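The values are calculated or read from the model by the stated rules, or taken from the named source; none is laboratory data. Just so it is clear, the model here is predicted, and its values are computed rather than measured. Heads up, the Cβs are rebuilt from the backbone with ideal geometry, glycines too, and the neighbour counts pull from every protein chain shown.
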Amino acid sequence: MARYLDAGLELLDRQVLDCDGRPVGKVDDLELVMDAKGAPVLGALRIGPQALGMRIGGLVGRAMAGIASRLAGTDQALVVPLEQVDEIGIVVRLSVPVADLPGANRLEHWLRDQVVTRIPGGRRATQ
Amino acid sequence: MQETSRRGLVSLAVLILAGACVGPSRSDGDYRQKVANAAEATRSAVETARLVTRAAAEGKAPGRYSSLVLSEAEVDASSIAESFKRVQPPSRRIQHLREELSSVLDSSTSSLAALRIAAYQGDGERLSELAADLPRLSSKLARFEHLAAG
Amino acid sequence: MKRVLGAALGVFTAIGGFMDIGDLVTDALIGARFGLAMVWVTVVAVIGITVYSEMAGRVATITQRPVFDLVRERMGARLGLANVVVSYLLNALTLVAELCGVALGIELATDVHYLLWVPLVALVTFFVMWRLPFKHMERLYGLVGLFLFVFVVAVWQLGPDWGAMWHDVTHPSVPSGEGLPTYLFYAVVMLGAQMTPYEVFFFSSGAVEHGWTTSDLGQARLNVFIGYPIGGILAIGIQAVAALALQPAGIQVEHLSQSVLPVVMAFGKLGLACAVLGIVAATFGSVLETLLSSGYTVAQHFGWSWGKSMAPTSAARFSVLVIATLIGATALALTTINPITITIYAVYLGAASLPFTFLPILIVANDRRYLGEHVNGRLANALGVVYLFVVSAAALVAVPLLIATKGGL
């Protein structure tokens with residue numbers, strides 16, 4: 001990782017996949033931490049509409065974050081520490097499965113359990 | 001910026017859609033244009049009926065299709081007539097246009113209604129009989145279309 | 001042999017997928033009003049959609065990143081979000097038009113009011129969406145949609161003066177009684193009818209759904225390079241028969257029943273049967289394409305798992321969004337909103353939205369980190385840039401024209 005990376009261009013808004021290639025979301029925001037010398041370094045990726053909404057800001061952004069917080073039951077976005085990032089390319093690949101990320105894809109799971117499985121045939125793939 | 005301009009576009013489209021149908025006529029020229037438009041649109045319905053009844057007479061258009069086309073033509077013609085009559089002629093000089101065109105529009109609508117009924121009942125003979133009237137209506141309407149330029 | 005058959009099937013699918021209610025209505029409307037004076041717009045549009053579909057398909061095949069993934073990456077969160085919202089709404093509006101289109105097609109054969117068919121069409125759509133494999137779904141409507149060729153064959157049956165027709169095509173002029181703004185308004189409508197944004201979304205997402213890899217690039221190119229131009233011939237056929245049969249009578253096309261009238265005059269009941277089959281298949285295909293595209297755009301923007309070929313439980317947000325969109329569109333169609341008006345506005349606004357879809361594709365198709373050796377060649381770039389200007393110009397004049405012509409009056 002010695003390569004220079006423009007986080008705004010090459011990291012933000014990229015697709016995030018887990019170690020098995022399952023979609024986790026997009027890099028919606030970045031979390032910076034101070035290192036020993038007091039310089040900001042990249043600490044973690046923030047994923048989820050809560051983070052995206054706060055980044056966009058304004059009425060639209062706040063509305064998005066608000067709705068997302070309601071739906072997910074928390075106003076905290078998913079935070080993935082940099083140690084769990086395996087590779088940054090045209091996609092961002094994590095070194096862990098999505099199931100190991102606490103609170104990832106809450107809405108997806110809720111819809112799956114409460115809606116989709118109740119419609120006949122929802123469990124089967126068509127190909 | 002992008003978002004607002006797009007949103008503006010959509011609401012504009014809705015506004016124009018709503019406004020394009022009937023508007024007030026401010027001048028004689030404006031009214032003549034409305035007369036011409038109403039005549040042209042009605043002639044389109046009459047000509048559609050002429051083509052479909054001819055196809056029906058040749059055994060080409062099935063009854064259900066003819067009946068559908070004719071009822072759509074009738075609905076179009078009657079709604080044109082209705083909205084035309086709602087427009088006030090701006091001066092007495094061209095008041096006569098309103099009466100003249102209204103009577104042609106009404107006879108077009110009733111012709112189309114009679115055709116629609118005959119098609120629905122599968123009465124081919126009556127259909128051809130009634131259809132013989134269509135070219136006359138069409139040329140009457142065509143005369144009003146030239147008013148747009150004048 | 002099997003490979004040839006597979007390749008041919010792909011091409012047929014592309015032809016059927018090209019046609020939709022927008023083509024069926026606007027081609028007939030414009031043919032009856034302007035004759036063949038807008039065939040050149042069709043040619044221009046077909047080349048454009050071919051160029052950009054190929055690019056988007058290539059990017060998706062190699063990187064597995066379809067259009068709205070790129071839109072978010074290249075336009076950023078804010079502009080990307082605006083784009084996805086507008087695209088979703090336009091897709092949904094087109095879906096309403098296509099749903100009504102299928103129902104209107106059935107009405108042609110049954111004379112039972114189309115609104116009664118709308119819920120049934122929605123139900124069948126749901127079953128196909130939920131149960132039928134992607135490939136079979138595409139082939140079903142692609143192949144049956146070929147019945148629309150009856151419009152092309154009808155040109156011969158109506159016995160035109162070929163010399164005069166060729167002259168009208170090559171020397172387009174504004175017909176007397178029509179103003180230049182009106183002509184340009186309908187030129188934008190024609191552009192939008194042939195270059196529908198959802199075709200690009202669907203083709204690029206379809207490449208991922210098919211599981212295409214670099215070795216399938218040949219098939220992807222074949223589909224667009226042959227399929228779309230043949231689709232364009234269909235569109236010209238519809239214009240030509242309308243010009244031959246309806247224009248002399250001064251008919252203004254306002255119903256789908258008028259679009260098929262020339263075919264009835266040429267071939268009678270058999271012609272009508274073919275036209276109805278073709279219309280129902282092509283519009284039903286577009287129902288599925290616009291519905292899936294609504295889901296694709298949003299899911300790709302937010303990075304959800306998506307895909308018709310997945311079990312709905314593995315793409316729950318996508319599946320729920322698709323079903324909700326279908327229900328919403330059905331409800332809107334049932335408000336007795338005029339389907340032909342919806343169609344024309346969906347097509348028109350679609351044309352105005354094209355630059356925002358095309359720009360990110362063009363940028364990424366030139367990025368070696370994404371495509372390696374498969375980046376755009378000179379021809380693709382030259383055409384890509386030219387078309388970016390064409391669609392931007394159309395988008396810029398769209399609103400002034402809409403006002404100046406009061407919506408094409």
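Restricting to the range C:355-378, name every residue that is of a type outside the set (A, V, I, L, M, F, W, C) and over 23 Å from the mean Cα position of the chain (by Cα).
Correct list: C:366, C:367, C:368, C:369, C:370, C:372, C:373, C:374, C:376, C:377, C:378.
I'm checking my understanding of the structure. Among residues of the range B:40-79 that are more than 7 Å from chain C (Cβ to nearest Cβ) and free of Cβ contacts under 8 Å to residues at least 24 places away in the same chain, which one is farthest from residue C:275 (Cα to Cα)?
Checking each candidate, the answer is B:79.
Go through (1) under 18 Å from the mean Cα position of the chain (by Cα); (2) more than 10 Å from chain B (Cβ to nearest Cβ) and name the single condition residue C:352 misses.
Of everything listed in (1) under 18 Å from the mean Cα position of the chain (by Cα); (2) more than 10 Å from chain B (Cβ to nearest Cβ), residue C:352 misses just condition (2).
Residue C:281 - would you say it is away from every other protein chain (no Cβ under 13 Å), surrounded by fewer than 24 Cβ atoms within 10 Å (Cβ to Cβ) and farther than 30 Å from residue C:71 by Cβ?
Against the criterion (away from every other protein chain (no Cβ under 13 Å), surrounded by fewer than 24 Cβ atoms within 10 Å (Cβ to Cβ) and farther than 30 Å from residue C:71 by Cβ), residue C:281 qualifies.
Has the range C:216-238 got at least one residue that is acidic (Asp, Glu) and under 30 Å from residue C:52 (Cα atoms)?
Within the range C:216-238, one or more residues are acidic (Asp, Glu) and under 30 Å from residue C:52 (Cα atoms).
Suppose we filter the range C:322-341 for residues that are of a type in the set (A, V, I, L, M), under 27 Å from residue C:80 (Cβ atoms) and crowded, with 21+ Cβ neighbours inside 10 Å; how many remain?
Of the residues in that region, 3 qualify.
Are there helices (runs of 4 or more DSSP H) fully within the range C:49-159 with at least 3 residues that are within 14 Å of chain B (Cβ to nearest Cβ) and in contact (Cβ under 8 Å) with a residue 24 or more places away in the chain? List them.
Those helices (runs of 4 or more DSSP H) span C:67-110, C:150-157.
Any residue in the range C:357-366 that is closer than 20 Å to residue C:83 by Cβ, of a type in the set (Gly, Ala, Ser) and buried (at least 21 other Cβ atoms within 10 Å of the Cβ)?
Within the range C:357-366 (the criterion being closer than 20 Å to residue C:83 by Cβ, of a type in the set (Gly, Ala, Ser) and buried (at least 21 other Cβ atoms within 10 Å of the Cβ)), the answer is yes, since at least one residue qualifies.
In the range C:140-170, which residues are surrounded by 15 or more Cβ atoms within 10 Å (Cβ to Cβ) and either of a type in the set (Phe, Trp, Tyr) or farther than 28 Å from residue C:280 by Cβ (or both)? It would help to see each step written out before you state the result.
From the range C:140-170, those surrounded by 15 or more Cβ atoms within 10 Å (Cβ to Cβ) are C:140-155, C:157-158, C:160, C:165, C:168-169; that's our starting set.
Residues satisfying the conditions are C:141, C:147, C:149, C:151, C:165, C:168, C:169.
Please give the number of the condition residue C:36 fails out of (1) within 14 Å of chain B (Cβ to nearest Cβ); (2) not in a helix (DSSP H, G or I).
Exception for residue C:36: condition (1).
Residues in the range C:160-176 that are assigned to a loop (DSSP other than H, G, I, E, B) and hydrophobic (A, V, I, L, M, F, W, C): how many? Give the steps one after another, and end with the answer.
First, the residues of the range C:160-176 that are assigned to a loop (DSSP other than H, G, I, E, B): C:160-161, C:171-176.
Remaining after also requiring hydrophobic (A, V, I, L, M, F, W, C): C:174.
Summing the residues that are assigned to a loop (DSSP other than H, G, I, E, B) and hydrophobic (A, V, I, L, M, F, W, C) in the range C:160-176 gives 1.
When you go through A:107, A:71 one by one, which is the residue that is in a helix (DSSP H, G or I), more than 26 Å from residue C:208 (Cβ to Cβ) and at pLDDT below 90?
A:71
Could you check the range B:42-58 and list, in sequence order, the residues that are part of a helix (DSSP H, G or I) and more than 12 Å from residue B:111 (Cβ to Cβ)?
B:43, B:44, B:47, B:48, B:51, B:52, B:54, B:55, B:56, B:57
Kindly provide the set of residues from the range C:59-72 that are on the phi < 0 side of the Ramachandran plot and surrounded by fewer than 24 Cβ atoms within 10 Å (Cβ to Cβ), ordered by number.
Selection gives C:62, C:63, C:65.
Filter the range B:114-130 for residues that are assigned to a helix (DSSP H, G or I) and acidic (Asp, Glu); which is surrounded by the most Cβ atoms within 10 Å (Cβ to Cβ)?
Across the range B:114-130, the extreme among qualifying residues is B:129.
Taking the condition surrounded by 15 or more Cβ atoms within 10 Å (Cβ to Cβ), under 14 Å from the mean Cα position of the chain (by Cα) and either without any contact (Cβ under 8 Å) to a residue 60 or more places away in the chain or at the interface with chain C (Cβ under 9 Å from one of its Cβ atoms) (or both), does residue A:61 pass?
When the stated conditions are applied, residue A:61 does not pass them.
Take the range C:249-275 and flag every residue that is more than 16 Å from residue C:27 (Cα to Cα) and within 12 Å of chain B (Cβ to nearest Cβ).
Across the range C:249-275, the qualifying residues are C:249, C:264, C:265, C:266, C:267, C:268, C:269, C:270, C:271, C:272, C:273.
Among the residues of the range C:323-339 satisfying the criterion of being within 11 Å of another protein chain (Cβ to nearest Cβ) and β-branched (Val, Ile, Thr), which is farthest from residue C:53 (Cα to Cα)?
Across the range C:323-339, the extreme among qualifying residues is C:337.
Can you list the helices (runs of 4 or more DSSP H) found entirely within the range C:210-265 that contain at least 2 residues being at negative phi, modelled with pLDDT under 95 and touching a helix residue (DSSP H, G or I) at 6+ places or on another chain (Cβ under 9 Å)?
It comes to C:217-222, C:228-245.
Quick check: anything in the range A:30-44 more than 7 Å from every other protein chain (Cβ to nearest Cβ), surrounded by 14 or more Cβ atoms within 10 Å (Cβ to Cβ) and assigned to a loop (DSSP other than H, G, I, E, B)?
no
From the set of residues in the range A:1-20 that are facing another protein chain (nearest Cβ under 10 Å) and in contact (Cβ under 8 Å) with a residue 60 or more places away in the chain, which is nearest to the chain's Cα centre (by Cα)?
A:16
So residue B:87 fits all but one of (1) without any contact (Cβ under 8 Å) to a residue 40 or more places away in the chain; (2) farther than 27 Å from residue C:108 by Cβ; (3) in contact with a Lys or Arg (Cβ under 9 Å, 6 or more places away or on another chain); what number is the exception?
(1)
Exactly one condition in (1) hydrophobic (A, V, I, L, M, F, W, C); (2) under 26 Å from residue A:53 (Cα atoms); (3) more than 7 Å from every other protein chain (Cβ to nearest Cβ) is false for residue C:304; which is it?
(3)
Among the residues of the range A:74-88, is there at least one that is outside any strand (DSSP E or B) and facing chain C (nearest Cβ under 10 Å)? Before you say what the answer is, go through the steps one by one.
As a first pass, look at the range A:74-88 and keep what is outside any strand (DSSP E or B): A:74-77, A:82-84.
With facing chain C (nearest Cβ under 10 Å) added as a condition, the list becomes none.
Looking for residues that are outside any strand (DSSP E or B) and facing chain C (nearest Cβ under 10 Å), one finds none in the range A:74-88, hence no.
Would you call residue C:318 outside any loop (DSSP other than H, G, I, E, B), in contact (Cβ under 8 Å) with a residue 60 or more places away in the chain and hydrophobic (A, V, I, L, M, F, W, C)?
no
Could you please find all residues in the range A:46-55 being at the interface with another protein chain (Cβ under 10 Å from one of its Cβ atoms) and surrounded by fewer than 22 Cβ atoms within 10 Å (Cβ to Cβ)?
Listed by number, the list holds a single entry, A:55.
Is it fair to say residue B:132 is out of contact with any Gly (no Cβ under 7 Å at 6 or more places or on another chain) and closer than 18 Å to residue C:257 by Cα?
On the way: out of contact with any Gly (no Cβ under 7 Å at 6 or more places or on another chain): yes; closer than 18 Å to residue C:257 by Cα: no.
When the stated conditions are applied, residue B:132 does not pass them.
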